[in-house]
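Colleague: Handing you this structure, nothing more for now.
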């Protein structure tokens, strides 16, 4: 029975990750062709092992070499990492005070506050992103409000810029950061703060010395939940970003659907996956070091 319980998640991982990844990797090692599917070679298992050997001999790393030689792709990767990093930091600056306030609120109010955080998920993601066009456009609500109170003389050019992309990302992914931090702060032992104040710490110093370090697991988990999907984000930069907004998600979509170059698009996806593995490995290494220190 125990082996069956262990096997279930491994089978799930095999079916929904390893098998699709193997298919994408195979396409990345293929060549583009005017055919259906638009790549070659294709594997025909009914023709025997000789066809399998011929199939394997035709696979190559040409598409990965092409990615290394074309600056467009590496600029897209670097731009995506920059946008994801800045957006994650901004989300943390907005989300941590929210999570802290939720954790320090009276118990009877906390379920309602959590509901308010997750309430946007009840609306379509695409509709929520498109709503920001009406807020950030030159005739949008934000510019009208700023003009009405006299802070600006002419509308700000916010839409179709990286600023709009950052705003859309922070708004969309904020719950993914608030909830893990809230869960960590809500379990925080209040006696530790009382002990710090008894030893002469002010509230500010107790926060920096006790609360913030103990909330580190929630911060790291929340930042990863924001940073990792944002790198491959496609909808937000396409809707709110301009022609200068270069992200690997847009490049990937163009290669698949505009250029119909599936092998290059698959190579882009494989490299993106390995880039996303790096922060996960760093998080696991940090967690292992912490457990060793605690032990």
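The values are calculated or read from the model by the stated rules, or taken from the named source; none is laboratory data. Model, not experiment: these values are computed from the prediction. Neighbour counts run over all protein chains shown; Cβ positions are idealised from the backbone, glycine included.
Colleague: Looking only at region 198-220, which residues are loosely packed, with under 14 Cβ neighbours inside 10 Å and more than 23 Å from residue 94 (Cβ to Cβ)?
Modeller: 198, 199, 200, 202, 205
Colleague: Right, something else. Residue 36 passes all but one of (1) in the same structural domain as residue 270 (by TED's automatic domain parsing); (2) under 26 Å from residue 250 (Cβ atoms); (3) exposed (fewer than 11 other Cβ atoms within 10 Å of the Cβ); which number fails?
Modeller: (1) is the only condition that residue 36 fails.
Colleague: Then there's this: I'd like to check which helices (runs of 4 or more DSSP H) are fully inside region 121-205 and have at least 1 residues that are in the same structural domain as residue 89 (by TED's automatic domain parsing) and under 30 Å from residue 215 (Cα atoms).
Modeller: In region 121-205, 125-136, 162-186, 190-198 are the helices (runs of 4 or more DSSP H) which contain 1 or more residues that are in the same structural domain as residue 89 (by TED's automatic domain parsing) and under 30 Å from residue 215 (Cα atoms).
Colleague: Taking the residues in region 172-191 that are farther than 24 Å from residue 229 by Cβ and in contact with a helix residue (DSSP H, G or I) (Cβ under 7 Å, 6 or more places away or on another chain) as candidates, determine which candidate is modelled with the highest pLDDT. Quick ask: steps written out before the conclusion?
Modeller: Step one: of region 172-191, the residues farther than 24 Å from residue 229 by Cβ are 186-191.
Among the residues that remain, those that are also in contact with a helix residue (DSSP H, G or I) (Cβ under 7 Å, 6 or more places away or on another chain) are: 186, 188.
Working: 186: 89, 188: 85.
Of everything passing the filter in region 172-191, 186 is modelled with the highest pLDDT.
Colleague: When the residues of region 59-85 are filtered to those that are in a loop (DSSP other than H, G, I, E, B) and touching a residue at least 24 places away in the same chain (Cβ under 8 Å), which remaining residue is nearest to residue 237 (Cα to Cα)? Steps first, please.
Modeller: First, the residues of region 59-85 that are in a loop (DSSP other than H, G, I, E, B): 59-61, 70.
Okay, now just the ones that are also touching a residue at least 24 places away in the same chain (Cβ under 8 Å), so 59-61.
Details: 59: 34, 60: 33, 61: 30 Å.
Restricting to residues being in a loop (DSSP other than H, G, I, E, B) and touching a residue at least 24 places away in the same chain (Cβ under 8 Å), the top hit is 61.
Colleague: Is it the case that region 86-96 has a residue that's without any contact (Cβ under 8 Å) to a residue 24 or more places away in the chain, assigned to a helix (DSSP H, G or I) and either under 21 Å from residue 218 (Cβ atoms) or touching a strand residue (DSSP E or B) at 6+ places or on another chain (Cβ under 8 Å) (or both)? Step through it out loud before you land on a result.
Modeller: Of region 86-96, the ones without any contact (Cβ under 8 Å) to a residue 24 or more places away in the chain are 89, 93.
Keeping just the survivors that are assigned to a helix (DSSP H, G or I) gives 89, 93.
With either under 21 Å from residue 218 (Cβ atoms) or touching a strand residue (DSSP E or B) at 6+ places or on another chain (Cβ under 8 Å) (or both) added as a condition, the list becomes 89, 93.
Taking every residue of region 86-96 in turn, at least one turns out to be without any contact (Cβ under 8 Å) to a residue 24 or more places away in the chain, assigned to a helix (DSSP H, G or I) and either under 21 Å from residue 218 (Cβ atoms) or touching a strand residue (DSSP E or B) at 6+ places or on another chain (Cβ under 8 Å) (or both).
A quick yes/no check of all residues on (1) touching a residue at least 24 places away in the same chain (Cβ under 8 Å); (2) loosely packed, with under 11 Cβ neighbours inside 10 Å; (3) touching a strand residue (DSSP E or B) at 6+ places or on another chain (Cβ under 6 Å):
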residue	(1), (2), (3)
130	yes, no, no
134	no, no, no
139	no, yes, no
147	no, no, no
153	no, yes, no
156	no, no, no
163	no, no, no
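Colleague: Look at residue 13 and say whether it is part of a helix (DSSP H, G or I) and either loosely packed, with under 15 Cβ neighbours inside 10 Å or assigned by TED's automatic domain parsing to the domain that holds residue 251 (or both). Before the answer, list the steps.
Modeller: Working: part of a helix (DSSP H, G or I): yes; either loosely packed, with under 15 Cβ neighbours inside 10 Å or assigned by TED's automatic domain parsing to the domain that holds residue 251 (or both): yes.
Yes, satisfied.
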